[in-house]
There are 4 protein chains.
Amino acid sequence: MTNLLKGIYPPLTTPFVDDEVATDKLIGNITKYEAKMLAGYVLFGSNGESVFLTKEEKLQLVRVVREHTKRTIIVGTGLDSIKETIFLTNEAAESGANYALIISPSFFKNEMKHRTFLNYYVRVADSVMIPVIIYNVPKFTNVNIEAETIIELSNHPNIIALKESTENPARISEISSNVKPGFKVIVGTASILYTGILSGAVGGILALANIAPDQCIQILSLMRESNFKKALEIQNRMIPVNRAVTSKFGVAGLKAAMDLMGYFGGNPRMPLEPLSEAHLIELKMILKQASLIE
Amino acid sequence: MTNLLKGIYPPLTTPFVDDEVATDKLIGNITKYEAKMLAGYVLFGSNGESVFLTKEEKLQLVRVVREHTKRTIIVGTGLDSIKETIFLTNEAAESGANYALIISPSFFKNEMKHRTFLNYYVRVADSVMIPVIIYNVPKFTNVNIEAETIIELSNHPNIIALKESTENPARISEISSNVKPGFKVIVGTASILYTGILSGAVGGILALANIAPDQCIQILSLMRESNFKKALEIQNRMIPVNRAVTSKFGVAGLKAAMDLMGYFGGNPRMPLEPLSEAHLIELKMILKQASLIE
Amino acid sequence: MTNLLKGIYPPLTTPFVDDEVATDKLIGNITKYEAKMLAGYVLFGSNGESVFLTKEEKLQLVRVVREHTKRTIIVGTGLDSIKETIFLTNEAAESGANYALIISPSFFKNEMKHRTFLNYYVRVADSVMIPVIIYNVPKFTNVNIEAETIIELSNHPNIIALKESTENPARISEISSNVKPGFKVIVGTASILYTGILSGAVGGILALANIAPDQCIQILSLMRESNFKKALEIQNRMIPVNRAVTSKFGVAGLKAAMDLMGYFGGNPRMPLEPLSEAHLIELKMILKQASLIE
Amino acid sequence: MTNLLKGIYPPLTTPFVDDEVATDKLIGNITKYEAKMLAGYVLFGSNGESVFLTKEEKLQLVRVVREHTKRTIIVGTGLDSIKETIFLTNEAAESGANYALIISPSFFKNEMKHRTFLNYYVRVADSVMIPVIIYNVPKFTNVNIEAETIIELSNHPNIIALKESTENPARISEISSNVKPGFKVIVGTASILYTGILSGAVGGILALANIAPDQCIQILSLMRESNFKKALEIQNRMIPVNRAVTSKFGVAGLKAAMDLMGYFGGNPRMPLEPLSEAHLIELKMILKQASLIE
C-alpha cells in the first residue's frame, strides 16, 4: 500500500459558505480533481484549516470524500494530546481514511526534543489502526524534528513516511539514505519538489496542487524520464505562484487562486480574513505571469 | 465581580498517576491552598498541560474543583477554533467556572494581526456566558497581541481583563492607561509582579504561586502598604526559583518543586519527560538558596 | 566619578550633510542640549549610526564634542575584535571620552555564551584606559548576556556599569541586587525608565532624550520625589513617541523627529533611507498626540 | 574571468599561535591545498574569523597568500559602512585579491530591505576595482536578501555572483533562472552542493573543503558526468561532518578537524573558546564514521 504514497496529493482546502462547512462545494472540487492523475487527497492539512474544524465536521468530511473517490485519503489528525490524536485517528480510519498525517506536538516548544518526539509518535503509532506519516512543519509549529529522530522512528512498523515541509532537501537526502527500507519521504511544498525528488523523496503533498495539479504532476513525470531541465523550468515558473498561495497570501490567497482557476475556494473561516482587493490584483498578476490564467 | 481579579491565582498543575488524571491529588493540593490568602484558581493554564487533556477530563476537573472551593475559578478554554472555544467555555461555565482565560489563536502566525484578533475575541465574547480574560503568551504561541488591539477589545462588555505573560511592563502601563475603565491587567509571571503592579496591574496568575503562594501574596500586600523595597527584595529572591519552574525546567520542574514543597506534583503527562536526576539536584539547590526548603 | 552615571544621557545622532559628517550641525545640537539638565552625552550608540562611521570620523567627533561640553562623554567603541576595540577605545579616551560603552560581540551567535563574554570583556577592560560599560542590546545583536555573566563581570575593577536595552526590568532588579556594590545599571530605552528605576537602575541612555530631554529628566526627578503616579503618567504619554523613534521608524524616524523638534536631524547615512512622506505624516501625528508639537 | 568561479573554494581559516596571526601556518596549509584541484581560496569568510582581524592583518594575509598561489583569491571585505568597505576592498585588490565577497549589511535589521540593499551594493560595486560577489548568510546576519533584490543587482556590471549560504536550493533555481546571463550562483555550504548544482549553481565556497577538499571536488566532477547517484552518496556521507564543522561545533570544530586531517587548525582567536575534550571525542567519531580518519 505504501506505493500509493508516490505521486502528487493536494492538501484539500475546506470550503465554507456563511462560515459553515459546505460539503457540496468540496464534492465539486473532488469531481474536477478526479480527472487529474493525482495519487489521492489530504484532508486537514495546515491549509485545510483543520484547527478551525470541530471533530464532527472532520469526520463528516472524511465520509463525504470517501464516498466520492477510490483514491488514497490521508487525514491530518495530529493534536498535542496523545489520547485525542488516537481517538480522532481511529474514528477517521473507520470513516474511510487510509493514512494519518500526524503533525509534531508543539505547545511546549522547549521540551519538544528527541525523547519527547519518540514518546509521542511511538504511543500514537502503537494505537492507531492506519499507518502514520510524520509531519514536520516548523513554519507553523516552531519546532523541528531532527533527522536522527525521524531515522529512529522509521523502525516502527506503523510509521511509514515523513512529510517534510521545510525547504531544505539536505534533510531529505540525509533521512532518505538512513531510514529503514520502505520508509518514504514526501515533500511538503512545491518549491522543493524538484530537488526533493532528486534527493530521495517519492512524491509531494503540495498546496500548489489545489490550483495547478497538472503542472505538479508534469514535474514529477518529467523527472521520471530524467528530463531534469524541463522539470526545473516548470518548477521555476511555479515558484512565484507557490509563494503567493503559501507564505505570501496564506490560505486566503490559496482559496482566491482556486476561485480564479475554476475550483471553489471561497473565504477562509473566521477569524481569518478574506484576501484584500489589492492582494487579489497582485495574485492575478502572478497567476498571469505563470501562464495559469490569461 | 471583577474585583475578584485582584490578588494571586495559581495556575494549577494537573496531577497524573499512571498518566491518568488523578482528581484526588488535585483535591489534596486545593485543600492546602484553601488555607492561603489566594484569590482563586486557574485551571488549564499553560502549565496545567491543558493541551494534553480531553474535553471530558477538563469538564470533570472544573466540577471537582468547584466542589472544593468557593473561590473564583478561571478556566483556560481558548482554542484556535471559535466554535470549539465557545462550546467548551459554556460547558465549563455550567460546571462552575467564573471566567474564561482565552489564549490567542496562533496556528496561522502570519495572519494573526489586529483584524484577526478582533474577529476572534469579539465572536467568542459575544457567545460565551462568562466574562473573557485575554491571554497573551508569545513564548508559547509565537504571536503577540498589540497594545492597540487589547485597548480596542477592552470596549467589549464581556471582555474584562488581560493576562500578560511577557516580561515587559511597559506594555502593562500603556494598556492600563488606555483601556476602558474597569478593564484589568493581570501579570502572567512572577518576575514582573513587582513592576507590573507598579505599572497598573491588579494581580497575578503565577506558576510560582503553586509552590510559594505565601511569598507571592506577601509581595502584593507589601506593595499595597507602599513597602516597595521589601517587596522587591522578596521578588528578587524568588526570581531564580521562578525561572527554574518556568523557562528553565518547564512543567516537569514545576511539578518536581511542588513535590519538594509538600504538594502533589508528580510527572507531567506523556509525551513530556519527568525531570532528570541532575536537574532535580540543581532545582533543590535553587529552592534552598531561596530559603524555600532546608 | 561613577556618580555621573546617574541621570539622562541622549545617545547623540550623527548629523550628515551630503552623506558626510557635519560637525557644525552636531555643535548646534550640543549647544541646545547644554541648556538642559542632562548628565552627559553618548557618542556612537546604535542610533548614532556608528557602524557607518570610519575610525577617523569617530575620533574627530569625540574631539569636537569634548571642545563644546564639560559633561561626561560616553563612547560606543565596542567591536567583535578585541584588538580593534582596545585600540579605538584608547584613542577615543585620548580625544576626551570618559567611559566606553562596549556592545557585546555577536557575529558568532552560537558561541556567544558565558565563557566567551567573560573572555571578551575581561580582556577589553584590562587594556583600556577608561571604565567600561557593558551594552546588552539583543534587538540589534541577536545575542543576550545572561544575568549571571553580568554579575561575575561586575567584580572587575574597570567594569562599572551595564546599559540594558531589553524591556525587561526583572533583569535589572536581579542584576542590581547581585552585582558588586557600586556597579550601576542604566536603562537603554525610555519605555522602561520608570520600572527600571524602580528596579534599581540609576539613569537612562535614551534615544527619546534626543527629542524630548525635558520629559525624560522630569520622569527621573518626579521619581526621586516619590511622585510615581505623575512619573508614570508622563512616561505613558511618551511611549508611542519612543516607539516611533525606535522600533517603528528607526533612526530615520528619530532624525525626522529631531528636525520637527528644533534640532538638526537630517537624513541617515547611506544605505539607510530617509523617512517616507507617509511615515512623516504619521510621526507628526504621534508627536502632536503626545503634546510635543502643535 | 568569471569562469574561474566554477569549482570548489575553501574559505580558509586563519591560523593563530598565541592569539596572533601565524602566516607560516597558513602557508603550510596553502602548500597542501595547491596539490588539490581547488579553484582558489576565500580569505575572511565567516569561518576565517574576519571579525576578529584588524585591517592590517587582513592586508598582510592577502599578500602572503598571493605570494604562494596563482589561483583566484576571493576576499571577504564587506562591512556595514560603505566607506570602509570600499577602502578595504581596494586595498585588498592592490594586495592581490581577484574578487570581493561582500556580506550583506545587517546592523539595522528592520531597515535592511530591498531599497537599502540596492543602495549599499550599487554604491560599493561602483567604487571598487574588483568584481563583487554578494554574500547572503542569514544564520550570521539575521537578515535575508530577497531573490528579487539579487535579480535586480545582477544587472550591475560589477556585481557578478552570489554566495548563497542558506540551505534552500529553491532560491538558487529561482535566482539562477532570472538573473542577467553570466551572473553566477555559488553555494555556501556543502549540504546543498548536490541540489544547488542541480538548481543552477556553478560551484561552492565550502567550510568542508578545508578538511575534505577531495570529496567536495569529487561530488562536483561526478555531477558533471551525470553520475548523480554516486555524487549524492558521497554528499550524504559528508553531511554529518559538514554539520560538525559548521553549526554544531563552529569554527573551533572546523579547526580541530583540520588538525585531525593533517592541516594546521589551532585554536580560534579570543574570545572564542577551543573545542572541549568531550566535543573533540565526538568530532573524531564523526570523522571516523565518514571514513575521513581511521
What are the residues in segment A:271-294 that are surrounded by 17 or more Cβ atoms within 10 Å (Cβ to Cβ) and touching a Lys or Arg at 6+ places or on another chain (Cβ under 6 Å), if any?
-> A:Ala290
Would a scan of segment B:47-54 turn up a residue that is touching a Lys or Arg at 6+ places or on another chain (Cβ under 7 Å) and surrounded by fewer than 21 Cβ atoms within 10 Å (Cβ to Cβ)?
-> yes
What residue, among those in segment C:237-263 that are within 13 Å of chain B (Cβ to nearest Cβ) and within 16 Å of the chain's Cα centre (by Cα), is farthest from C:Ile8 (Cα to Cα)?
-> C:Ser247
Take the residues of segment C:69-78 that are assigned to a loop (DSSP other than H, G, I, E, B) and under 17 Å from the mean Cα position of the chain (by Cα): which is surrounded by the most Cβ atoms within 10 Å (Cβ to Cβ)?
-> C:Thr77
With respect to C:Ala170, is the statement that it is out of contact with any His (no Cβ under 7 Å at 6 or more places or on another chain), more than 14 Å from chain D (Cβ to nearest Cβ), surrounded by 22 or more Cβ atoms within 10 Å (Cβ to Cβ) and touching a residue at least 60 places away in the same chain (Cβ under 8 Å) true?
-> no
How many residues are touching a residue at least 24 places away in the same chain (Cβ under 8 Å) and touching a Ser or Thr at 6+ places or on another chain (Cβ under 6 Å) when one looks only at segment C:233-250?
-> 2
Matching residues in segment D:194-213 (crowded, with 24+ Cβ neighbours inside 10 Å and facing chain A (nearest Cβ under 9 Å)) number 4
Conditions: (1) surrounded by fewer than 19 Cβ atoms within 10 Å (Cβ to Cβ); (2) facing chain C (nearest Cβ under 9 Å); (3) in contact with a helix residue (DSSP H, G or I) (Cβ under 7 Å, 6 or more places away or on another chain). D:Lys139 meets all but one. Number of the miss?
-> (3)
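For (1) assigned to a helix (DSSP H, G or I); (2) within 12 Å of another protein chain (Cβ to nearest Cβ); (3) at positive phi, each residue gets a yes or a no:
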| residue | (1), (2), (3) |
| --- | --- |
| C:Asp80 | no, yes, no |
| C:Thr89 | yes, no, no |
| C:Ala97 | no, no, no |
| C:Thr116 | yes, yes, no |
| C:Tyr120 | yes, yes, no |
| C:Val143 | no, yes, no |
| C:Pro181 | no, no, no |
| C:Val185 | no, no, no |
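Conditions tested, residue by residue: (1) out of contact with any strand residue (DSSP E or B) (no Cβ under 7 Å at 6 or more places or on another chain); (2) away from every other protein chain (no Cβ under 13 Å); (3) among the hydrophobic types (A, V, I, L, M, F, W, C).
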{"position": "A:Gly48", "(1), (2), (3)": "no, no, no"}
{"position": "A:Phe52", "(1), (2), (3)": "yes, no, yes"}
{"position": "A:Arg71", "(1), (2), (3)": "no, yes, no"}
{"position": "A:Ala93", "(1), (2), (3)": "yes, yes, yes"}
{"position": "A:Pro131", "(1), (2), (3)": "no, yes, no"}
Residues (of a type outside the set (S, T, N, Q) and either more than 12 Å from chain D (Cβ to nearest Cβ) or crowded, with 17+ Cβ neighbours inside 10 Å (or both)) located in segment C:99-114 = C:Tyr99, C:Ala100, C:Leu101, C:Ile102, C:Ile103, C:Pro105, C:Phe107, C:Phe108, C:Glu111, C:Met112
Here are C:Asn110, C:Asn90: which of them is farther than 30 Å from C:Leu222 by Cα, among the polar types (S, T, N, Q) and in contact with a Gly (Cβ under 8 Å, 6 or more places away or on another chain)?
-> C:Asn110
Confirm whether A:Phe107 is more than 19 Å from the chain's Cα centre (by Cα) and either at pLDDT below 95 or not in a helix (DSSP H, G or I) (or both).
-> yes
Among A:Ile186, A:Ile133, A:Ile150, the single one that is under 28 Å from B:Ser106 (Cβ atoms), of a type in the set (Val, Ile, Thr), crowded, with 19+ Cβ neighbours inside 10 Å and in contact with an Asp or Glu (Cβ under 8 Å, 6 or more places away or on another chain) is A:Ile186
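Rundown of residues vs (1) surrounded by 19 or more Cβ atoms within 10 Å (Cβ to Cβ); (2) acidic (Asp, Glu); (3) part of a helix (DSSP H, G or I); (4) within 11 Å of chain C (Cβ to nearest Cβ), yes/no style:
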site	(1), (2), (3), (4)
D:Lys25	no, no, yes, no
D:Gly28	no, no, yes, no
D:Tyr33	yes, no, yes, no
D:Tyr41	yes, no, no, no
D:Gln60	no, no, yes, no
D:Glu67	no, yes, yes, no
Close pairs from segment A:198-223: first free of Cβ contacts under 8 Å to residues at least 12 places away in the same chain, partner part of a helix (DSSP H, G or I), Cβ under 9 Å, at least 6 apart | A:Ser221/A:Ala231
Among the residues of segment A:152-167, which ones are within 23 Å of D:Ile172 (Cβ to Cβ) and either of a type in the set (Gly, Ala, Ser) or facing another protein chain (nearest Cβ under 9 Å) (or both)?
-> A:Ser165, A:Thr166, A:Glu167
Tell me, please, whether a residue that is surrounded by 22 or more Cβ atoms within 10 Å (Cβ to Cβ), closer than 20 Å to A:Ser191 by Cβ and polar (S, T, N, Q) can be found in segment A:246-253.
-> yes
Failed condition for A:Ile234, given (1) over 20 Å from the mean Cα position of the chain (by Cα); (2) within 14 Å of chain B (Cβ to nearest Cβ) | (2)
Go through segment C:145-179 residue by residue and tally those that are more than 18 Å from the chain's Cα centre (by Cα) and part of a loop (DSSP other than H, G, I, E, B).
-> 9
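The values are calculated or read from the model by the stated rules, or taken from the named source; none is laboratory data. In this text the structure is predicted, and so the values were computed from the model without any measurement. Don't worry about glycine lacking a Cβ; one is built from the backbone with ideal geometry, like all the others, and counts go over all protein chains shown.
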